[in-house]
Amino acid sequence: MHLWHAIAALALASAEIIDDNGVQWGVTRAYAEAKAKDCLASLRATAWHAQTEKALKNHAFVKAAERGRLPFQALQRFVGEQRFIQANDAASFAQLAGSDWRPTAAGLLDLWRNTPPDDLRGLFGTLLKGELAAAPLLQRLIHATGLDYDAHGRSEDGTFFAPEPRAQAYGAYWALLARDGKRAAAAAAAAVNFPAWGDACRRVLHGLRKDDKMAAELKKRGLAEYQEGLAFLAFFAEPLPNLEEMALSILADDFEKNGACELIQDDVRTLQAYEVDFWDAVWKPSHHASRGEL
């Protein structure tokens, strides 16, 4: 009898819920959770994920930073692109979290000017809180790299920073996921992609901490404490607690409603590709990273 009870329990945990007319209404929670774990494992086992991991591991920007040879212009480009990305990502995470919060007009370029919303929970609420916490840290680097020379955001050379379209594609795609309510795809992308972003930030951080030439460049522009000025990178170098568990919960919610891993794969793959594009763009900006005269 114990064997039959075990078999029945296993069947219940892994069975689809089908009514007397043969209509499938969903699956059990245990089955959905198992599917969620299988989905993340499958995404991480794809060839495109392996290619992305390899591209980021060997990226010229990261390796130059590790050797203490990152050009000042490359760090400035990284910081400038992040300035535009940060508020956009915050708005996307708020929408995915079901919050009405959005950056104010004054805080659309400088996220630190915004007041954090209350009562944020779950994965996307946590991501939004993270972006808001990192905003004043990024502001230190904005000033230290000469990208906020006056009240209008003019750079120290008298021009305005022109974002590179390739660098901004990643954040733009997050906005599409938020607009379309693709919470499962967004959760899977976070679980699969964010560790690679964090690892790149960690390696760049460790390299910059030993880069005396870069320290001198930033101190020349008014950054009193060089190590504190790198706090933005240090923030993202730390793994996000419970990222995997929060992502799995959202995926399981989707799979309970007949979601499928095949339906989210392209979104995750696209975001992975745009992650590489971001690093390519901050290392070698194209001609699109400059404005013409109006």
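The values are calculated or read from the model by the stated rules, or taken from the named source; none is laboratory data. As the structure is a prediction and not an experimental result, all values here were calculated from the model. Reconstructed Cβ throughout: ideal geometry from the backbone, glycine too, with neighbour counts over all protein chains shown. To get the accessible areas, we keep the full protein, side chains included, count just its heavy atoms, and leave off ligands, DNA and RNA. Shrake-Rupley method; radii C 1.70, N 1.55, O 1.52, S 1.80 Å.
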Residue that is modelled with the highest pLDDT, among those in segment 140-156 that are within 12 Å of Arg221 (Cβ to Cβ) and part of a loop (DSSP other than H, G, I, E, B): Thr145
Cβ-Cβ under 7 Å pairs, at least 6 apart or on other chains, segment 63-90 side closer than 16 Å to Ser286 by Cα and part of a helix (DSSP H, G or I), far side open to solvent by 50 Å² or more (accessible area, probe 1.4 Å) and of a type in the set (Phe, Trp, Tyr): Ala74/Trp283
Members of segment 220-274 found to be under 25 Å from Tyr173 (Cβ atoms) and among the small types (Gly, Ala, Ser), listed by number: Ala237, Ala247, Ser249, Ala252, Gly259, Ala260, Ala273
Residue tally, condition surrounded by fewer than 21 Cβ atoms within 10 Å (Cβ to Cβ), farther than 15 Å from Ile264 by Cα and over 14 Å from the mean Cα position of the chain (by Cα), over segment 180-210: 7
Residue within segment 249-259 that is farther than 27 Å from Ala30 by Cα and of a type outside the set (Asp, Glu) present: no
In segment 19-56, the residues that are at pLDDT below 95, assigned to a helix (DSSP H, G or I) and loosely packed, with under 14 Cβ neighbours inside 10 Å: Arg29
Helices (runs of 4 or more DSSP H) completely within segment 170-270 that count 1 or more residues being modelled with pLDDT of 95 or more: 183-209, 212-220, 231-237, 243-256
Some residue of segment 64-71 being more than 20 Å from the chain's Cα centre (by Cα), open to solvent by 30 Å² or more (accessible area, probe 1.4 Å) and under 21 Å from Phe194 (Cβ atoms): yes
Yes/no for Ser99 being touching a residue at least 60 places away in the same chain (Cβ under 8 Å) and surrounded by 17 or more Cβ atoms within 10 Å (Cβ to Cβ): no
Only one of Asp119, Asp89 that is modelled with pLDDT of 95 or more and either farther than 18 Å from Arg140 by Cβ or exposed (fewer than 15 other Cβ atoms within 10 Å of the Cβ) (or both): Asp89
